[in-house]
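Accompanying notes for the structure given below.
The values are calculated or read from the model by the stated rules, or taken from the named source; none is laboratory data. Just so it is clear, the structure is predicted and the values come from calculations on it, not from any experiment. We place every Cβ from the backbone using ideal geometry, glycine too, and count neighbours over all the protein chains shown.
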Amino acid sequence: MAEYRCSNCGKIITQDELGMKAKCPYCSNKILIKLRPRVVKLVKAR
């Protein structure tokens, strides 16, 4: 599930809360930043 952070109020919003809208439900700001998943990638050194 994708998570977004509002650039104005800083609240973290899930994709379920957004629905089909691209607007913060708390402050009505239209600029949302998609957060990266918390996955650690292991790379083998050669």
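Just to be sure, is residue 46 out of contact with any Asp or Glu (no Cβ under 7 Å at 6 or more places or on another chain), of a type outside the set (Val, Ile, Thr) and modelled with pLDDT under 85? Spelling it out, residue 46 is indeed out of contact with any Asp or Glu (no Cβ under 7 Å at 6 or more places or on another chain), of a type outside the set (Val, Ile, Thr) and modelled with pLDDT under 85. The residues of the stretch 21-40 that are modelled with pLDDT of 90 or more and of a type in the set (Lys, Arg), listed by number, are 23, 30, 34. Within the stretch 21-46, the set of residues being among the charged types (D, E, K, R) and out of contact with any Cys (no Cβ under 9 Å at 6 or more places or on another chain) comprises 21, 23, 34, 36, 38, 41, 44, 46.
Annotation note: Cβ proximity below 8 Å between a residue of the stretch 1-27 that is within 17 Å of residue 37 (Cα to Cα) and in contact (Cβ under 8 Å) with a residue 24 or more places away in the chain and a residue that is in a loop (DSSP other than H, G, I, E, B) and hydroxyl-bearing (Ser, Thr, Tyr) (sequence gap 6+ or interchain) occurs for 6/26. Residue 23 satisfies every condition listed in (1) surrounded by 10 or more Cβ atoms within 10 Å (Cβ to Cβ); (2) outside any loop (DSSP other than H, G, I, E, B); (3) over 11 Å from the mean Cα position of the chain (by Cα) except (2).
Check the stretch 11-20 and report whether any residue there is at pLDDT 90 or above, touching a Cys at 6+ places or on another chain (Cβ under 7 Å), of a type in the set (Val, Ile, Thr) and in a strand (DSSP E or B). Yes: one or more hits.
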